[in-house]
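Visitor: Take a look at this one; I'll ask things after.
The values are calculated or read from the model by the stated rules, or taken from the named source; none is laboratory data. This structure is a prediction, so every number in the text was calculated from the model and none was measured. Glycine also receives a Cβ, built like all others from the backbone with ideal geometry; neighbour counts cover every protein chain displayed.
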């Protein structure tokens, strides 16, 4: 061993092992879902094509513009919907759905005078009073209270549904309250059933309760306002700002009634 070539030589230290980490294959990125193409109802598009006077190219362009307006309205881009809707309105003023869409977009954008023009035109064309409460609200926003009275009279004569009539009464009562005619406003909503206590109220009744509570609050009757705001909170806890209004009046959020007993009185034990 002493005479071998490796005698008296220290071998080189072994190199350290380095673990190789292989890159993991990444999952392919999920492809974005293709955007669903927005389309108008077939009858609305047909009405626009029939009413438009011009070339076939411009006729289809009007349909595309109205489609973009409807899509913008659904996405809550009301100014854009109003701008596009007015283009189609100028070309086809007698098409009711075009007037309706443009009027609703103007109302959402708080363009009161423009909204009144288009929604009033929709009522003239169709005779449907569905949007007359919005016409009243536009006149109320512009402090044209005589026009509110006139539109409310038209609404009552046009045989509206219960929901539409309730909305009209709410706007009319609010207009009276704006003029500090609180007694007349309270009487109008009371006759409409706004003071009825209902176990399963509909959205219409909750709206009437809130409107009457607001008028009571504005007139200085805090007790009645608290009672009605409490009803709204019990029926719909997230409705409007009823909880905040109730807290401002110095009342806590009421609890719902306990579950009633199902055992009849005749079957209870008598000591």
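Visitor: Considering every residue within the range 195-204, establish whether at least one is surrounded by 23 or more Cβ atoms within 10 Å (Cβ to Cβ) and outside the structural domain of residue 47 (by TED's automatic domain parsing).
Guide: No - not one qualifying residue is present in the range 195-204.
Visitor: How many residues does the range 93-108 hold that are buried (at least 21 other Cβ atoms within 10 Å of the Cβ) and not in a helix (DSSP H, G or I)?
Guide: Adding up the residues that qualify gives 1.
Visitor: Against the definition (part of a helix (DSSP H, G or I), under 20 Å from residue 39 (Cβ atoms), at pLDDT 95 or above and not assigned by TED's automatic domain parsing to the domain that holds residue 207), how does residue 151 come out, yes or no?
Guide: Considered against the rule, which asks whether it is part of a helix (DSSP H, G or I), under 20 Å from residue 39 (Cβ atoms), at pLDDT 95 or above and not assigned by TED's automatic domain parsing to the domain that holds residue 207, residue 151 comes out as no.
Visitor: Taking residue 54, is it more than 19 Å from residue 42 (Cα to Cα), part of a loop (DSSP other than H, G, I, E, B) and touching a helix residue (DSSP H, G or I) at 6+ places or on another chain (Cβ under 8 Å)?
Guide: Considered against the rule, which asks whether it is more than 19 Å from residue 42 (Cα to Cα), part of a loop (DSSP other than H, G, I, E, B) and touching a helix residue (DSSP H, G or I) at 6+ places or on another chain (Cβ under 8 Å), residue 54 comes out as yes.
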